[in-house]
1. Any idea how far the Cα center of region 1-25 sits from the one of region 110-162, in Å?
2. I need Leu150, Leu135 ordered by Cβ neighbour count within 10 Å, fewest first.
3. Which aspartates and glutamates does Lys47 reach when only Cα atoms under 19 Å apart count, and residues fewer than 8 places away in its own chain are ignored?
Amino acid sequence: MVGAGGVGKTAIATRILTGKYLETKMTVGLNIQSWIMTDSETGQTYKTATFDLGGQTRFKFLHRSMVSGSHVMLLVFDVSRYESLIELEDWSDIIFNDDGPACLLVGNKLDLGLSFAEDEVKARAEELNIPYILLSAKTGENFDQFQSILIERIRNGMSRKK
């Protein structure tokens, strides 16, 4: 997961892992969590690991090595802070190449309300040629749909890396 500091990457990882929202502090450096996901369509299980990278500039040196070899990348932004969507451009040279992972644009903190039109998100997703979803790690809104899309992206990412 990549994105600016404070967009809720850790909250998303925690909800995936536990099914609950837990109040957390901003990640310093790197937070790694792992779990098993089951594809309800195929019955296939995937052992997954989340590399939750601190979004602050001082941690950028970690990013390229953590992204290398990833099958899926979540580009996370805060729907109440437009600049966090714009800041995702900082990742394009690392992520969007022929060997890059399958990506998903994730707008978090939907419980706070959108501070800009969803059309902005849709346009950014189309520009990047990736799907997007708006959700709330806090309330769980759209989380079932998110997990279905995530499984599909894992499937796609695994097949691209073979």
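1. Taking the Cα centre of region 110-162 as reference, the centre of region 1-25 is 14 Å away.
2. Numbers: Leu150 22, Leu135 25.
Ordered by Cβ neighbours within 10 Å, fewest first: Leu150, Leu135.
3. Leaving aside aspartates and glutamates fewer than 8 places away in the same chain, those within reach of Lys47 are Asp39, Asp144, Glu152.
A short reminder: the numbers here are calculations on the coordinates, not readings from a lab. From a predicted model like this one, the values you see are computed outputs, not experimental measurements. For neighbour counting, all protein chains shown are included, and Cβ atoms are generated from backbone atoms with ideal geometry for every residue, glycine included.
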